[in-house]
Amino acid sequence: MEGKARPGASAEQALAAMDQLIALSLVGQHDIAQRLGLNVTDLTCLGHILGAAEEGRPLFARDLAALANLTSGAITGVLDRLERAGYARREPDPADRRRVRIVPEESAVERATAVYGPFYQGLAELFADYTPDEIAVLNDWFTRATDLMRNHLEEVRRGTGTA
């Protein structure tokens, strides 16, 4: 598959487009969370829970706390709210009954898919317009930008990042 001709863009233009996407995503996540009866933090945690389940990997409260950058006390509140809302439950880990796994309720997948499904379908169609090599570049960029963001946020939280 040969790539399509694409309009040229500078790094500054790409950065501005990324800024617009991030700003719209922040507003969108707030609206989606509200539609699902959650707050943005709880929605973020639900995303991690659904992702772990989809990948078939166990997720424990401490792992979820690390992924969401929350304390153990805060993650307890998140899990309490997600359980009350019918999105997740705690269950004993079959490998070690002292640990508790976090698993999504079956209806959580359906409820989240009802909201996110059309958007992800559109993204799949958008990706279909790119060659495997172009997708590899996009994936590399997103992965590296995520690592850069994570490191920068750690610096900001420690107070060592610039204000």
| remark: Rounded to 0.05, the calculated FRET efficiency for the beta carbons of A17 and R157 at R₀ = 25 Å is 0.40
| query | Expressed as a whole percentage, what fraction of the accessible surface of segment 102-163 belongs to carbon and sulfur atoms when a 1.4 Å probe is rolled over the protein heavy atoms? | reply | 60
| query | How long are the semi-axes of the ellipsoid equivalent to segment 47-130, from square roots of 5 times the Cα gyration tensor eigenvalues, in whole Å, largest first? | reply | 27, 14, 13
| Principal axis dimensions, segment 1-82 - Cα atoms, whole angstrom, descending | 49, 29, 23
| query | Counting only residues 5 or more places away or on other chains, whose amide H sits under 5 Å from the amide H of R99 once H atoms are built in the peptide plane? | reply | D93
| remark: What helix-only [θ] at 222 nm does the chain give? Using -39500 (n - 2.57) per DSSP H run of at least 4, over all residues, to the nearest 500, the answer is -23000 deg cm²/dmol
| query | Which of A85, A108, L123 sits closest to the plus end of the dipole of the chain, meaning its Cα is farthest towards the positive end, when Lys and Arg get +1 and Asp and Glu get -1 on the C-beta? | reply | A85
| Near the amide H of A88, under 5 Å away, which other amide H atoms are found, from residues 5 or more places off or on another chain, if H is placed in the peptide plane? | E83, E105
| said: Please list Y130, Y120 from largest to smallest accessible area, probe radius 1.4 Å, with all protein chains kept in place. | reply: Y120, Y130
| message | Give me a comma-separated list of calculated 3J(HN,Hα) values for segment 152-158, in order, Karplus coefficients 6.51, -1.76, 1.60 applied at θ = phi - 60°, integers in Hz, x for any Gly or Pro. | response | 5, 4, 4, 5, 4, 5, 7
| query | With θ set to phi - 60° and the Karplus curve 6.51 cos²θ - 1.76 cosθ + 1.60, what are the ³J(HN,Hα) couplings of segment 72-77 in order, to the nearest whole Hz, using x for Gly and Pro? | reply | 5, x, 5, 5, 4, x
| Å³ per residue of the Cα convex hull, for segment 101-154? | 138
| Lys, Arg +1 and Asp, Glu -1 on Cβ, resulting dipole of the chain about Cα centre, debye, nearest 20 | 740
| note | Computed over the chain, protein heavy atoms only, probe 1.4 angstrom, the accessible area per residue in square angstrom equals 70
| Table column - 3J(HN,Hα) (Hz), segment 106-120, Karplus curve with 6.51, -1.76, 1.60, x for Gly and Pro | 4, 5, 5, 4, 5, 5, 5, 5, 4, 8, 8, x, x, 5, 5
| Which length gain, in nm to one decimal place, applies between A9 and R150 when the Cα-Cα distance is subtracted from 0.36 nm times their residue separation? | 48.2 nm
| query | How big is the chain in terms of Cα radius of gyration and Dmax, in angstroms? | reply | 18.5, 57
| note | Computed about the Cα centre, the charge dipole of segment 68-163 from +1 Lys/Arg and -1 Asp/Glu charges at the Cβ has a magnitude in debye, to the nearest 20, of 740
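The values are calculated or read from the model by the stated rules, or taken from the named source; none is laboratory data. Remember, predicted model here, so these are calculated numbers, not experimental data. Note that each Cβ is placed from the backbone with ideal geometry, even for glycine, and that neighbours are counted across all protein chains shown. These area figures cover heavy atoms from the full protein model, side chains too; ligands, DNA and RNA do not enter into them. Shrake-Rupley method; radii C 1.70, N 1.55, O 1.52, S 1.80 Å.
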